Amino acid sequence: MGRRSKKAKWKAHYNSKQKILLVGEGNFSFSACLATAFGSATNMVATSLYSERNLRKKHGSSEANLQLLKSKGCLVLHGVNVHDMNRHPTLSQMKFDIIIFNFPHAGFFHPFKENDNKVIKRHKHLVKAFFKSAREMLDEDGEVHVTHRNDHPYKQWNLEELARESGLILKETVEFSKKDFPGYENKRGSGSKSDQTFPLKDCYTFKFSIEKNYNQLMWTLGSEVVAALKNLLSINNES
């Protein structure tokens, strides 16, 4: 008889059998938490927007987490932008069961506040681009997880609507508790206080899956557009 496969080790919604991509990591403490719980991180890819050098400037505490991840076999990538991560030379060859983006944020824009429409628009642009890229990187039954504050003004980002525009539908919403992820530090990420944490109030993990009829819808719409163009050209030629 062959060797029995090892049982999956779980941490909240995630397990060691899933192929997991984490994007927008701050000091990589969330990735490190999962790796510690799993005992191995060979099923994980953890990424940051910043270069390794800039990451260390922003988050001095990242060093220990990066060492832990690499020692457990995690693939760590720097300089990964969610806008085009589906075309990243390494990531473009991969498919994932889970793609995680915790507390997406487009940055701070002095003197504007978080409730300013211009700032909200920037945040929504970031999340929409993420959904579009992430959808292309999911396995058929995969999920995109976005952990986000659901109070004012963050609720105005309308995550569900942004996801739907990229062919993703809301599957489940689960209350997020930081204590479920020992060692996780939610960093601000940008600005002069980038290595500080921020208040976590009314937070949830929004789980999205692929809209099964999306591809058929896109094919139908494409066919209708082609037909309309042909009709228009025909009318112009006749006139």
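The values are calculated or read from the model by the stated rules, or taken from the named source; none is laboratory data. Just so it is clear, the structure is predicted and the values come from calculations on it, not from any experiment. Every residue, glycine among them, receives a Cβ derived from its backbone with ideal geometry; neighbour counts consider all protein chains shown. Each accessible area value is taken on the protein alone, full model and side chains, heavy atoms only, with ligands, DNA and RNA left out. Shrake-Rupley method; radii C 1.70, N 1.55, O 1.52, S 1.80 Å.
Before moving on, here are some points about what is shown:
- Scoring Glu172 on the criteria (1) touching a strand residue (DSSP E or B) at 6+ places or on another chain (Cβ under 9 Å); (2) in a loop (DSSP other than H, G, I, E, B); (3) modelled with pLDDT of 80 or more leaves a single failure, condition (2).
- Single residue of region 141-187 satisfying the filter (touching a Phe, Trp or Tyr at 6+ places or on another chain (Cβ under 8 Å) and polar (S, T, N, Q)) that is nearest to Lys128 (Cα to Cα): Ser166
- Residues in region 113-158 that are open to solvent by 60 Å² or more (accessible area, probe 1.4 Å), outside any loop (DSSP other than H, G, I, E, B) and out of contact with any Leu (no Cβ under 6 Å at 6 or more places or on another chain): Asn117, Lys118, Lys121, Arg122, His125, Lys132, Glu140, Asp141, Lys155, Gln156.
- Take the conditions (1) more than 28 Å from Pro182 (Cα to Cα); (2) modelled with pLDDT of 95 or more; (3) assigned to a loop (DSSP other than H, G, I, E, B); His110 misses just one of them, which is (2).
- Note on region 50-96: among residues that are touching a residue at least 60 places away in the same chain (Cβ under 8 Å) and not aromatic (Phe, Trp, Tyr), the one that is nearest to Ala129 (Cα to Cα) is Met85.
- Filter result for the condition that a residue is among the small types (Gly, Ala, Ser) and modelled with pLDDT under 95, over Ser40, Ser92, Ser61: Ser61
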